[in-house]
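Colleague: What follows is a structure written as structure tokens; I'll ask about it next.
The values are calculated or read from the model by the stated rules, or taken from the named source; none is laboratory data. Remember, predicted model here, so these are calculated numbers, not experimental data. Using ideal geometry, Cβ is built from the backbone for each residue, glycine included, and neighbour counts are taken over all protein chains shown. For accessibility, only protein heavy atoms count, side chains too; no ligands or nucleic acids. Shrake-Rupley method; radii C 1.70, N 1.55, O 1.52, S 1.80 Å.
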Amino acid sequence: MAKPTRAEAISMASTSTSSLFPPEVSMELYASNRQKLLSSLRQHLSGSSCPLHGFVFLQGGEEKTRYCTDHAELFRQESYFAYLFGVIEPGFYGAIDIATGKSILFAPRLPADYAVWLGEIKPVSYFQERYMVSMVYYTDEITQVFVEHYKGSGKPLLFLLHGLNTDSNNFSKPARFEGIENFETDLTTLHPILTECRVFKSNLELALIQFANDISSEAHVEVMRKTKAGMKEYQLESMFLHHTYMYGGCRHCSYTCICATGENSAVLHYGHAAAPNDRVLEDGDMALLDMGAEYSFYGSDITCTFPVNGKFTSYQGLIYNAVLDAHNAVITAMKPGVSWVDMHKLAEKIVLESLKKGNILVGNVDNMMVERLGAIFMPHGLGHLLGIDTHDPGGYPKGVERPKEPGLKSLRTARQLQEGMVITVEPGCYFIDALLVPAMEKANTSGFFNHEMVDRFKNFGGVRIESDVLVTANGSKNMTKVPRETWEIEAVMAGGPWQLS
């Protein structure tokens, strides 16, 4: 009997099927990222009349155990380090010689019993070839290597990564090693330059983001088809994770899956430990599924909302189409030079206009915008940069101020769009008592609400539609490929075909 191919073996192991196969990842991607950084850094130093000497120096991630136990958590590389070197193993350091452009990895010197418990101990030549770097040494040789390769005068200069992540308000941690006190260090130059490099994606990066979108889109469709009343929310999460790992080789998810049904779909970051996707799906519920796979560090972020029973009611269709119209209008308007703040306001206005047509709101929509009524129904920002991190950094570089108004202050970027950015477009409309009740009682906003109609949506939850969009030279390209129109969703849920192409 002939041995089955890998694709046949996967098919036999699962009841699902896939048209996709994980692509090979060229280390040229990370080499080109290093060259991009080197060019930007040299340009900055030259413009500042600084010598082109020193080393970019980053510390990779460390493996962590669960609290005081010896249970090792699944390791995922620190994102800046992954961007420059593509290294999947923990405990590494990496450097780029600014004068020569040569790249250096420092690998941990592993104990002999590693070979017994964790596998073969690879020689440094293995890592040099695998990661396409100029040189590889051990971490206990860092000081010696820098001294030998430094071409400037005085102490060798290390450009370390230290700066604020404007999404988390956490600071990146600069590299530390024994003997660092013998070096000059620069903590301010590297972070803004490297962060800006990450904002604009190369074709090699885009290919991985596209695959993450393709396998995630396919998984979303698979979940849609299998969703039934009586299931648990976590079963939808499980189906997604299975499909993206089984067919896409995606061991990591871009973020914790949000599988929210019924009124849970008004909880923006549902799915956390205290709300663990465990409600039973009911006939008549809407399901809001925010799930995205990560492939070779690069992620996706996709949200689909659909009726659990496969058929939209008139009320469900009203809210869904309000959000879909906003989603589509933003993508149509996107191009270089467009303000992301203006795109958020465009989405808000379209949702408010739809709610007025549906008799949920009354009055002048422009006046609603002045009173920031859009933030009641969409308290989060319209979208965020996407790449190696779900919330990729670079949203607020120096000179870009965060808006202060309700809703707008939640924007993860207020930049103008530029070619090469990948950004999520994720308008929503939610019925959140914590926001609606005060707004319906305030003198300057209460008159906008048809209270009787709002009450009918009390346990509705919410709708979010999210796609990952590339800003092109003349417009934009939607990288996400899922059913969006109500008739498309109903057809797929009834068993109809769906093509990614």
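Colleague: Of the peptides 293-305, 59-71, how do they stack up when ordered by the mean number of other Cβ atoms within 10 Å, highest first?
Modeller: So the peptides 293-305, 59-71, ranked by packing, come out 293-305, 59-71.
Colleague: Taking the 0 to 90 degree range and rounding to the nearest ten, how far is the long axis of helix 203-226 tilted relative to the main principal axis of the chain, both from C-alpha atoms?
Modeller: Approximately 40 degrees, to the nearest 10.
Colleague: Just add up the charged neighbours of CYS429: K/R +1, D/E -1, any other residue whose Cβ is under 11 Å from the Cβ of CYS429.
Modeller: Once positives and negatives cancel, what remains is -1.
Colleague: Quick check: the distance between the Cα centres of the stretch 116-133 and the stretch 201-279, to the nearest angstrom?
Modeller: For the stretch 116-133 versus the stretch 201-279, the Cα centre distance is 33 Å.
Colleague: Moving on. How large is the dipole of the stretch 226-290 about the Cα centre if only Lys and Arg carry +1 and Asp and Glu carry -1, each at its Cβ, rounded to the nearest 20 debye?
Modeller: 300 debye
Colleague: Taking the Cα centre of the stretch 392-452 as origin and charging only Cβ (+1 Lys, Arg; -1 Asp, Glu), how large is the dipole, in debye to the nearest 20?
Modeller: Using Cβ point charges on Lys, Arg, Asp and Glu, the stretch 392-452 gives about 360 debye.
Colleague: Continuing with the same structure: Relative to the first principal axis of the alpha-carbon coordinates of the chain, what is the inclination of helix 233-248, with its axis defined by its Cα atoms, in degrees from 0 to 90 and to the nearest 10?
Modeller: Value to nearest ten degrees: 40.
Colleague: Next question, about the same structure. Could you please put TRP340, TRP498, TRP487, TRP117 in sequence from largest to smallest accessible area, using a 1.4 Å probe?
Modeller: Reading off the accessible areas and sorting them downward yields TRP117, TRP487, TRP498, TRP340.
Colleague: I've got another one for you. Restricting to Cα atoms and excluding each atom paired with itself, what does the Kirkwood estimate give for the stretch 234-275 in Å?
Modeller: Taking the inverse mean of 1/r over all distinct Cα pairs, the stretch 234-275 comes out at 11.2 Å.
Colleague: Over the stretch 420-476, what lengths in whole Å, largest first, do the semi-axes of the equivalent ellipsoid take, defined as the square roots of 5 times the eigenvalues of the alpha-carbon gyration tensor?
Modeller: 34, 13, 9
Colleague: In whole Å, what is the distance between the alpha-carbon centres of the stretch 63-100 and the stretch 377-433?
Modeller: About 28 Å separates the Cα centre of the stretch 63-100 from the one of the stretch 377-433.
Colleague: Using a Debye calculation, one point per C-alpha and no hydration shell, please list log10 I(q)/I(0) for the stretch 100-179 at q = 0.17, 0.18 Å⁻¹ in order.
Modeller: -0.90, -0.96
Colleague: At a temperature of 20 °C and a viscosity of 1.002 mPa s, determine how fast the stretch 112-151 diffuses translationally according to Stokes-Einstein, using the Kirkwood radius over alpha-carbon pairs as Rh; express D in µm²/s, rounded to the nearest whole number.
Modeller: Once the numbers are plugged in, D ends up at 180 µm²/s.
Colleague: For a bin width of 5 Å, list the pair-distance distribution of the stretch 143-213 built from all Cα-Cα distances, rounded to whole %.
Modeller: The distribution over the stretch 143-213 is 3, 13, 17, 16, 14, 15, 10, 7, 3, 0, given as percents.
Colleague: P(r) for the stretch 257-344, please, calculated from all Cα pair distances in 5 Å bins and given in %.
Modeller: Histogram of Cα-Cα distances, whole percents per bin: 3, 12, 18, 18, 18, 16, 10, 4, 1, 0.
Colleague: Compute, for the stretch 140-256, the length of the dipole vector about the Cα centre, with Cβ point charges of +1 (Lys, Arg) and -1 (Asp, Glu) only. Units Debye, rounded to 20.
Modeller: Charge dipole, the stretch 140-256, about its Cα centre: 520 debye, nearest 20.
Colleague: Shifting gears a bit: What ranking of ARG198, ARG109, ARG42 comes out by heavy-atom accessible area, probe 1.4 Å, highest first?
Modeller: ARG109, ARG42, ARG198
Colleague: Here's something else I'd like to know. Can you give me the % of accessible surface on the chain that is carbon or sulfur? Probe 1.4 Å, all protein chains present, nothing else counted.
Modeller: Answer for the chain is 53 percent, counting heavy atoms of protein chains only.
Colleague: Past 29 Å, Cα to Cα, is the threshold; run LYS64/LYS481; LYS36/LYS398; LYS173/LYS409; LYS311/LYS404 against it and keep the listed order.
Modeller: Among LYS64/LYS481; LYS36/LYS398; LYS173/LYS409; LYS311/LYS404, the Cα-Cα distance tops 29 Å for LYS64/LYS481; LYS311/LYS404.
Colleague: Averaging over every viewing direction, what projected area does the convex hull of the Cα atoms of the stretch 396-501 cover, in nm²?
Modeller: For the stretch 396-501, the mean projected area of the Cα convex hull comes to 10.5 nm².
Colleague: Oh, and also: Among PRO438, ALA266, LEU361, whose Cα lies farthest out toward the positive end of the dipole of the chain, if unit charges sit on the beta carbon of Lys, Arg (+1) and Asp, Glu (-1)?
Modeller: Farthest along the dipole direction, towards plus: LEU361.
Colleague: Still on this structure: Would you mind getting the accessible area per residue of the stretch 459-501, heavy atoms of the protein chains only, 1.4 Å probe, in Å²?
Modeller: 42 Å²
Colleague: Would you mind working out the accessible area per residue for the stretch 29-151, using a 1.4 Å probe, and quoting it in Å²?
Modeller: Ligands and nucleic acids excluded, the figure is 52 Å² per residue.
Colleague: Starting with the highest mean, order 232-240, 249-257, 208-216 by the number of other Cβ atoms within 10 Å, averaged over the residues of each peptide.
Modeller: 208-216, 232-240, 249-257
Colleague: Could I have the simple spin-label model distance between GLU62 and LYS335, label points 7 Å from Cα toward Cβ, reported in nm to one decimal?
Modeller: It is 5.1 nm.
Colleague: Pop a pseudo-label 7 angstrom from the Cα along the beta-carbon direction at both GLU28 and GLU196 and give the gap in nm to one decimal.
Modeller: The modelled label-to-label distance comes out at 2.7 nm.
Colleague: Mind checking which lysines have their C-alpha under 16 Å from LYS357, skipping anything on the same chain fewer than 8 residues away?
Modeller: LYS349
Colleague: For the stretch 340-451, count the residues as N, evaluate 2.2 N^0.38 Å, and divide the Cα radius of gyration by that value, please.
Modeller: With N residues counted in the stretch 340-451, Rg over 2.2 N^0.38 Å equals 1.15.
Colleague: Let me ask you something else. Pairing the Cα long axis of helix 314-333 with the longest principal axis of the chain, what angle in degrees results, from 0 to 90 and rounded to the nearest 10?
Modeller: 40 degrees
Colleague: Round to a whole angstrom and tell me the spacing of the C-alpha centers of the stretch 340-369 and the stretch 314-338.
Modeller: Computed from Cα coordinates, the inter-centre distance equals 12 Å.
Colleague: A follow-up question, please. Taking the Cβ of ILE258 as the center, what net charge do the other residues with Cβ under 10 Å away carry, scoring Lys and Arg +1 and Asp and Glu -1?
Modeller: Net local charge, ILE258 excluded: -2.
Colleague: Same structure again: Whole percent per 20 Å bin, from 0 to the bin with the longest distance: what is P(r) over all C-alpha pairs of the chain?
Modeller: Taking all Cα pairs of the chain, the binned fractions are 21, 50, 25, 4 percent.
Colleague: Further, regarding this structure: What number comes out for accessible area per residue over the stretch 325-435 if the probe is 1.4 Å? Units Å², please.
Modeller: Per residue, the stretch 325-435 has an accessible area of 37 Å².
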